[in-house]
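Below you'll find the structure, written out as structure tokens, and then a few comments.
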Amino acid sequence: MLEPYKSLISTTSQPQTLLSGVVTVNLYTMRAQSTTRSPAPLLVRRTSSSGGIKNLATVSSSLLPAFGTTIDVGYLQLKKYIIAPYDRRYRWWQTFLVVLVIYSAWASPFELAFRKAARGALMPVDLVVDAFFAFDIILTFFVAYLDKSTYLLVDDRKKIAKRYLSKLWFPMDVASTLPFQLLYRLFVGVHVRDSDVFGFLNLLRLWRLRRVSQLFSRLEKDTRFSYFWTRYCKLISVTLFAVHSAGCFLYWMAIQYKVKENTWIGNEIHNFQDKSIWLGYTYSIYWSITTLTTVGYGDLHAQNTGEKVFNIFYMLFNIGLTAYLIGNMTNLVVHSATRTFAIRDAIHQILRYASKNRLPDHLKEQMIAHMQLKFKTAELQQEEVLQDLPKAIRSSIAQNLFKRTVGKTYLFNGVSDDLVTQLVCEMKAEYFPPKVDIILQNEIPTDFYILVSGSLDVLTYKDGTEQFLSKLGPADMAGEIGVIFNISQPFTVRSRRLSQVIRISHQQFKQLLQPHVKDGMTIISNFVQYFKGLKEELLEEIPFITELLNDLNDKGALLSEETESHEESIADCNVNGITEGLPSSSVCPCLPIRVVIHGHHPDEANSTEGTTKGKLIHLPESMDDLLKLAEHFPYVHHPKNLADAEKKLGNRGSKVFIADGSEVEELTTLRENDNIFIC
């Protein structure tokens, strides 16, 4: 990755490394940011009476801001006597009203069928419940609402009142709250005992059921409650309400029929209208449930035309209700077993694939183990869990999980915090079950790994036998040798037990390291020190390592000088060479140009019998520096007689030529990748 060091650590007889190009910095232009910004929308503040909401899952989706706005946790100063719709106390009030709605849903059809109850013990209860809902109507004029066009809380009393009065909610709320029977008695002065008008007017209270629907909708989105049981309770509630309403309405039809004996209940119970209220209610619910479940014992059945017509519509309704219940319950059950079906299908596919291709048993076991681990750790898989989150959140999570581990690795010891942060954000986390090969010997190097938890074995194969070399623990690295030197992986790395690793590709690593010259020097130093401490059996697997280390030690002084010169040129270019729309390397003359140097005259290239190869270097600032630099490469020319070539270049050259034989007088005339000849 470090281009200036390529001429030092890479020879024509050694593998080319990825240590080229770090110092060649792509300084892409930065667009000037405007000093003026469009005004941000007013933030929707979500605070309760205690100063804040602890769990956003309890907030109704109708109060969530639009995409692009943010949430301010500060206290929202509303106008006096205005209530925030997400205030904790107001939420409790709404929940209390839901309990009263459940009573109204039961009492309204019941009082239609059984008038005695409506005139008796239930009447005071109805008046108290209506009083609570009347108070809620008044309270609604003081509750701020969320404008869906701007997603701002509106606390203006006139706008709140205008919005409430202009919608259907207000007249329906008033109609469902007025005690019509009591008002009729007060204003007319006549007590009506057997009028069905007030019974049907009481059915307007069912308008309150919308509050129950809103409650269930909110609970389904609240992660503190089980979605399965919330949905299950909703289905049970719908079923019970349908059974109760149908039974009460059929009993009302029997009461209205002139010949009581020719009704579904009068055929079984004579003078049923004089019997106990709860006896009639029990028979009504019994008939409704047997009809809903399509059991139909035959003991209770329609006797007249009106009842038969009602039964027809009720059974048609039951078809839709049954389909709704079965569909929802099936969906809930299947959803809970989806993961089981998925893992079974995946394992069956693996077994069929392994059987068809006659894979050995150990590979088959590794495939199955990896697939099982993938499903067992689905909630821990970084990519699947975080893919829909914003990049900033993903980066923060990755830093919280892996930044400390990356900082402990030998390769990144002492590097800047900025580089570690950038590396962690690009790393991918994976789990491996025991006895699974993570890296295979002699495979193409694409990624290197950092072990977060678990244990790995480093293995090699000699003469067809597997040999254990070393053991890796947390914060150790694997695969970095092949990546950095751009050679086939020298070792096989296998998980010893359940292990979590993070990996990064060599391309991303190279791109991230390019702007960090000093960090590149630190990484090279750490890499060299690490190799010096390797065991002999590991060094034997990479025969050119010893020669490389010796060469790096001999050229250390030149390495430092060239790096410092390069850093200064980059600093100058950062200040003066950035142009909008183009990479700075294309407009800044101070970035070094790469050229290939040869230690002979260009006319000798064709006459030399041996193989002539050059050295890729960064072009110095002056001709003297170039001639001086050429003295440090005694083997840039590879004729047959290598000793003669070294002796020839032992003397300092005096002239520089290009491939066509023209002499170079100014280095500014040279271009990228030109071949120059020093003699």
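Descriptive notes on the structure:
- Largest-first ellipsoid semi-axes for the range 88-308, taking √(5λ) over the Cα gyration tensor eigenvalues, angstrom: 37, 24, 13
- Length gained on full extension, N673 to Q77, computed as 0.36 nm times the residue gap minus the Cα-Cα distance: 207.8 nm.
- Each Lys or Arg adds one and each Asp or Glu subtracts one; over the other residues with Cβ under 14 Å from the Cβ of T282, this totals -1.
- Taking chymotrypsin sites (Phe, Trp or Tyr not before Pro) across the range 212-318, the ones in a DSSP loop with at most 11 further Cβ atoms lying within 10 angstrom of their Cβ are Y297.
- Rounded to the nearest 0.05, the FRET efficiency derived from the C-beta distance between R344 and I444 at R0 = 30 Å is 0.30.
- Under 5 Å between amide hydrogens, built in the peptide plane, is the criterion, and for V656 it picks out V664 among residues at least 5 positions away or on other chains.
- Sum of side-chain charges, A175 neighbourhood, beta-carbon under 12 Å (Lys, Arg +1; Asp, Glu -1): 0
- The length gained by stretching the chain between V188 and D463 to full extension, at 0.36 nm per residue less their Cα-Cα distance, is 87.9 nm.
- Backbone HN-Hα couplings from phi across the range 144-158 [Karplus 6.51/-1.76/1.60, Hz, Gly and Pro as x]: 5, 10, 9, 6, 6, 7, 10, 6, 10, 6, 9, 10, 7, 5, 5
- Local charge for R163 was computed over the other residues whose Cβ lies under 14 Å away, with Lys and Arg +1 and Asp and Glu -1, and equals +2.
- Label point 7 Å beyond Cα of R210 along Cβ direction - residues of the range 157-176 with amide nitrogen under 16 Å: 161-176
- The range 283-342 versus the range 93-121: alpha-carbon centroid distance in Å: 24 Å
- Subtracting the Cα-Cα distance of K374 and V154 from 0.36 nm times their residue separation leaves 74.3 nm of extension gain.
- Listed pairs K391/K518; K158/K221; K615/K655; K374/K435 exceeding 25 Å between Cα atoms: K391/K518; K158/K221
- Cα gyration tensor shape for the range 401-554, rounded if a/c is under 1.5, else prolate or oblate: oblate
Values quoted throughout were computed directly from the atomic coordinates according to the rules given, and no laboratory measurement underlies them. As the structure is a prediction and not an experimental result, all values here were calculated from the model. When we count neighbours, we look across all protein chains shown, and the Cβ atoms used for this are built from the backbone with ideal geometry, even at glycine.
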